[in-house]
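First up is the structure itself, then whatever we jot down about it.
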Amino acid sequence: MAILPEVKKHYGKLKILVNGQWRESNSDTVLEDRNPATDEVIAQFPIVTRKEAVEAVEAASKAFETWKEVPLRERARLIFDMRGRFEEHFDRLTRILTQDHGRTIGESVGSVRRVIENIESACSAIYGLAKRNEHIDQLANGIDEYLVWEPLGAFLIITPGNIPMHAWSSFVPYALAAGCTVVVSPSPQNPVAAQAICEVAQEAGLPPGVINLVYGDASINQAILASPDIQGVGFIGSSRVGKELFELCGRLGKTSSINGNGKNHLVVMPDADLDNCITWLLRACFGMTGQRCLGVDNVVLIGETYDAIKEKFKQAAAAMKLGYGLDESVELGPLTTKQGRDRVVNWIERALSEGAKMVLDGRNPNVPDYPHGYFLGPTILEDCHVDMATSKEESFGPVAALIRADNLEQVIEWINTKTNYGHSACILTSSGKQARKFIREVNVGNVGINVGIPQPYAFFPLGSKRESFMGSAKSRMASMRLFMDEKTVTARWV
């Protein structure tokens, strides 16, 4: 298989986007962006000044006054043209995402495809607005009443380091479809990907100020959200930061969609298809190096197939090829940051101190071509139990913790009571009865049946629950409720 070329070796000092203009920041705080496979610097980027953040908010607020008046058909045309631009730049975006994030090229292809699907979904949402409006003639004598949906204004969108492009598309196209404008503040982990996606979106011919891009830290993001010109926030990231933003929105009376951490389970029933089971386990536990909201690190095995599954899983995981994701034969890339890798290693060592036993140790992988990368091989632990601290905390790395269970009822109770999170849970089974019970009783927002990752399609929301979600609307198609509000009109003309 081919080793794909990098789009650029170095992207220089990144610019900010304010009111339709790419420009240099005046900030004295300039950080480095590194390729996680090589530890080489690939860009510098600024943490913007308060003045620049204010200018971005003012640009978004001003642009909203004209953008909301753009006819629906014209708005749909611009967003659909944006879809075409992403198709044109598809290959370039996938290689940038791999270089900046660390995932494999195949995973980047899937992520950019999700971006395009969200843009398509946003287009359909525009025409769906007509169905949202309800009109009743002669509700009372001479009185008609109807409901309309109106865009709220400018929004702050904060994207995470693990899904920088996918998270952008979970909010931005829908905001534009609703008639809102945005200030995007991406994670400092992959600013090159953030700039690339905004550059492509701008090619669609959006009016100045509809999309603005600044590189903010926690204080800058809070200052933007506190601005009276910002109506709310769309956020994907840690629950800790999410709670801070949610509390700020509560004090300020602003709307929000806050997506946080998870602690997801995959349950293997005795009647599961064992051959497909290993494929699903590899994807669930090690896909995107475990850095995904719906990824799994608690693998619960019921019945006497434990030893057979453990051995097959270990062999398949040990055979995974590590390396730079632009090598099409690579199956597992690096963690996105060195700090992230160190956190996962600490998580593994805490699990061992709690009594877990090592089945496959990925802490010191041999990746000779990339000795400075942030690599961590597939790691499998056993003798884990649900009362361990690490069984309740997300590893966010390529880790699988094997847990024995007696029956499905016991596992459902664990999922519902042993963790406060509610992103996802999956079950592998050939029994429709058991699957139905699982669907109805697990208190999570995304359920998978015979899949490793229950990834909703763009026109379904990411239905997370409990401490995995806070706010007034879920992301993706459901975010139209984040960006719009209802108005009822009661009219008498006779």
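Between residue 450 and 427, 428, 429, the built amide H atoms are under 5 Å apart, and every one of these is 5 or more places off in sequence or on another chain. The ranking of 135, 101 from fewest to most other beta carbons within 10 Å of each one's beta carbon is 135, 101. Of the peptides 345-358, 87-100, the ranking by mean beta-carbon count within 10 Å, highest at the top, reads 87-100, 345-358. For each of 86, 155, 469, count neighbouring Cβ atoms within 10 Å of the residue's Cβ, then give the residues from fewest to most. The most exposed by this proxy come first: 86, 469, 155.
Between the residues 220, 112, 124, the greatest Cα displacement towards the positive end of the dipole of the chain, with unit charges on the Cβ of Lys, Arg, Asp and Glu, is found for 124. Think of each Lys and Arg Cβ as +1 and each Asp and Glu Cβ as -1; about the Cα centre, that makes the dipole of segment 355-494 roughly 760 debye. Computed about its Cα centre, the charge dipole of the chain is approximately 460 debye, with only Lys, Arg, Asp and Glu carrying charge at their Cβ. Checking the Cα-Cα distances for 437/474; 357/465; 312/357; 392/465 against a 23 Å cut-off, the pairs over it are 437/474; 357/465.
Could you work out the relative contact order of the chain? I mean the mean sequence separation of Cα pairs under 8 Å and 6+ apart, divided by the number of residues, in percent. The normalised contact order for the chain reaches 20 percent. Pairwise inverse Cα distances across segment 264-449, averaged and inverted, put the Kirkwood hydrodynamic radius at 16.6 Å. For the chain, the residue among 158, 76, 451 whose Cα projects farthest onto the positive side of the dipole built from Cβ charges is 76.
As a rough footprinting exposure proxy, the listed residues 80, 286, 246 were ranked by other beta carbons within 10 Å of their own, and the order from fewest upward is 80, 246, 286. Our Cα-only numbers for the chain put the radius of gyration and Dmax at 23.4, 83 Å. Among the helices of the chain, those built from whole DSSP H runs whose Cα atoms reach 20 Å or more along their own axis and whose mean Kyte-Doolittle hydropathy is at least 0.0 are 105-132, 164-178. In the chain, the DSSP beta bridges split such that about 40 percent are antiparallel, to the nearest 5.
Taking packing as the residue-averaged number of other Cβ atoms within 10 angstrom, the listed peptides 437-447, 19-29, 419-429, 107-117 run from highest to lowest as 419-429, 107-117, 437-447, 19-29.
Only one residue of 333, 365, 346 has its Cα farthest out toward the positive end of the dipole of segment 297-371, where Lys and Arg carry +1 and Asp and Glu -1 on Cβ, and that residue is 346. Here the Kirkwood formula puts the hydrodynamic radius of segment 342-494 at 18.6 Å, using every distinct Cα pair. Applying the Karplus relation 6.51 cos²θ - 1.76 cosθ + 1.60 with θ = phi - 60° to segment 442-455 yields 3J(HN,Hα) values of 6, 9, 9, x, 9, 10, x, 10, 6, 9, x, 10, x, 7 Hz, where x marks Gly and Pro. About its Cα centre, the dipole of segment 264-449 is roughly 360 debye, where the only charges are +1 on Lys and Arg Cβ and -1 on Asp and Glu Cβ.
The numbers here are math on the coordinates, done by the rules we state, and not lab data. None of these values were measured; they are calculated from a predicted model. Because the Cβ atoms are built from the backbone with ideal geometry, glycine has one as well, and the counts that use them run over all protein chains shown.
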